[in-house]
Every structure is written in structure tokens, then in C-alpha cells.
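No value in this document is a laboratory result; all are computed from the given coordinates. In this text the structure is predicted, and so the values were computed from the model without any measurement. Here the Cβ positions follow ideal geometry from the backbone for every residue, glycine too, while neighbour counts run over all protein chains shown.
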Amino acid sequence: MLEFHNVTKRYNNGKFAVNNLNLKIKKGEFICFIGPSGCGKTTTMKMVNRLIDITDGSILVDGKDIKDQDPVALRRSIGYVIQQIGLMPHMTIKENIVLVGTLLKWTKEKKEERARELLKLVDLPEEYLDKYPHELSGGQQQRIGVLRALAANPPLILMDEPFGALDPITRDSLQEEFKKLQRELNKTIVFVTHDMDEAIKLADRIVIMREGEIVQIDTPDEILRNP
Ligand code: ADP
Ligand code: ADP
């Protein structure tokens with residue numbers, strides 16, 4: 001589903017943020033990238049959805065090199081959730097969830113139906129559809145951010161510390177909710193975190209990065225056995 005072949009990113013200041021990354025992620029797999037701040041996790045995610053250019057190497061999504069794809073079309077086929085989800089403050093929750101529907105020229109009815117269907121996936125009552133983001137707690141807003149990323153039904157979802165700003169209790173419940181969701185929907189997930197407990201809880205495989213390089217790839221069980 002997602003392949004990295006000798007992927008390198010050097011920023012204009014000459015710094016190698018990512019250095020010769022090689023990895024194959026299978027369909028339906030839940031991969032956590034973990035490593036200290038500045039090790040290149042966000043850079044890696046942003047190369048996949050072409051928010052930044054690759055310096056060297058190639059990334060394949062579903063067998064196709066992303067450099068041959070229109071960046072806008074590519075981004076529509078990849079869900080993206082970040083810590084600062086940035087819901088549109090002047091739009092209702094419903095409008096926020098199906099934001100992508102405008103690009104895809106969905107009818108009003110289709111948007112309405114999809115928003116209702118998506119809201120059912122999380123633990124929020126239907127009346128939330130007509131609320132505005134500021135009326136929701138941080139955890140509730142983050143759930144909406146996840147739903148927004150699912151709206152166009154992308155097979156691949158990138159999540160960059162999506163629950164990082166939440167209090168531990170909200171975070172725990174969102175992790176559980178999301179893991180269940182991922183199993184049901186059979187999505188391929190690449191999840192960035194700097195929290196090993198979170199990675200162990202969620203991942204099928206954990207990719208440990210340091211200074212732009214992968215230093216270890218193991219299952220949570222293997223990591224628990226040989227920490
Ligand atoms: P992480 O997500 O693991 O915290 P990043 O991918 O954000 O790491 O950053 C990797 C390295 O690249 C860091 O040393 C960071 O300072 C550097 N970096 C990130 N963005 C830029 C940029 N736009 N220009 C120059 N250097 C950058
Ligand atoms: P940052 O450096 O703060 O992560 P970006 O320039 O990457 O900001 O993104 C700006 C905004 O655009 C983000 O709030 C994010 O929600 C949105 N965005 C970025 N990439 C995507 C994407 N692939 N799909 C949907 N929204 C995106």
C-alpha cells in the first residue's frame with residue numbers, strides 16, 4: 001500500500017531531515033512511527049501527501065509513484081489528521097466533516113447522508129452536527145478531525161500526533177475508539193507519536209526513527225520482550 005525506496009529529504013539549509021528511508025507497509029497495517037522531536041517523522045508524512053518535495057528516492061502509494069500523480073488528487077486519496085486539526089470555526093460540524101464533498105461536487109443530500117453516517121462511527125449524538133467547533137471539547141473536535149479525514153473514504157490515513165494535545169483520559173478513550181474503528185474499516189494507518197505506550201497499544205509494527213533514519217522495526221510484542 002505504501003512503499004519508501006531510499007527516500008531522502010534535505011531542506012534548503014542543507015540539513016538531512018530524512019536519510020535513505022526504506023520501508024514497505026501492507027494494506028490494512030497499522031504502523032506507528034516513533035522517535036524524539038526532530039527525527040524526521042512529520043517530514044516523512046508530508047512527503048507522502050506531497051506537502052513537501054522528496055530530495056531523493058521514491059514513494060509508492062498503491063504501487064504508483066506519487067511524483068506521477070496530481071498532488072491535489074493524491075491528497076484526496078490520503079486522509080490526514082494532525083494535532084492542530086484546524087476545524088473551520090464559521091462552519092458547522094456537519095460542514096466540517098464533509099468539507100471534501102465540496103471539492104468532489106457532492107449534492108447537499110449526499111453531504112448530509114455522509115456526515116450522519118460518519119458521526120455514527122464515534123461516540124457523539126446526532127445533534128452535534130449542527131453545532132460549531134467552539135461548542136465542542138478538544139477530544140470531541142479531534143474526533144471530528146478524524147471523521148473529516150475519513151469522509152472521502154481514503155484507503156490510507158496519515159496521523160501526525162493526532163491525540164497529542166489531549167488530556168490522558170480523553171486520549172485513552174480516543175485511542176481505544178480509534179483502534180476499533182481501524183479494525184472495522186480495514187484502513188492502512190501511519191501514525192506518528194513520541195509516546196511508546198501509545199505505539200504499543202495501537203501498532204501492528206513500530207518504526208523507531210532517530211536523526212532521519214530508521215533504527216528499528218518491530219512488533220509491539222518484540223519491543224516489550226527486548227526493550
Ligand atoms: P519530527 O516530526 O520527528 O519532530 P521533523 O520532520 O519536523 O521531525 O523535522 C526533522 C528535521 O528537519 C528537524 O531537524 C527539523 O528542524 C528540520 N526541519 C523541519 N522542517 C524544516 C524546514 N521547513 N526547513 C528546514 N529544516 C526543517
Ligand atoms: P503545518 O506545518 O502546521 O502542519 P501545513 O502547511 O502542513 O501546516 O497544513 C496546513 C493546513 O492544511 C493544516 O491545518 C491541515 O489541516 C491542512 N492540510 C494539510 N495537508 C492536508 C491534506 N493532505 N489533506 C487535508 N488537509 C490538509
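A compact table of results
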quantity: Check: region 89-161 dipole with +1 on Lys, Arg Cβ and -1 on Asp, Glu Cβ, in debye; calculated: 300
quantity: Candidate lysines - alpha carbon under 17 Å from LYS180, same-chain residues fewer than 8 apart omitted; calculated: LYS27, LYS120, LYS201
quantity: Calculated FRET value between GLU109 and ARG76, using beta carbons and R₀ = 30 Å, to 0.05; calculated: 0.90
quantity: Residue among ILE59, ILE25, ILE157 with the largest mean-square fluctuation in a Gaussian network model of the chain, springs linking Cα atoms under 10 Å; calculated: ILE25
quantity: Residues of type lysines that LYS105 reaches as a straight line, Cα spacing below 19 Å, ignoring anything fewer than 8 places off in the same chain; calculated: LYS94
quantity: For GLN216, residues with placed amide H under 5 Å, excluding near neighbours; calculated: ILE208
quantity: FRET efficiency, 1/(1 + (r/R0)^6) with R0 30 Å, evaluated for GLU29 and LYS67 via beta carbons; calculated: 0.80
quantity: Mean ellipticity per residue at 222 nm, deg cm²/dmol - from DSSP H runs of n ≥ 4 across the chain, formula -39500 (n - 2.57); calculated: -10000 deg cm²/dmol
quantity: Partner lysines for LYS15 [C-alpha distance under 19 Å; skip if fewer than 8 residues away on the same chain]; calculated: LYS41, LYS46
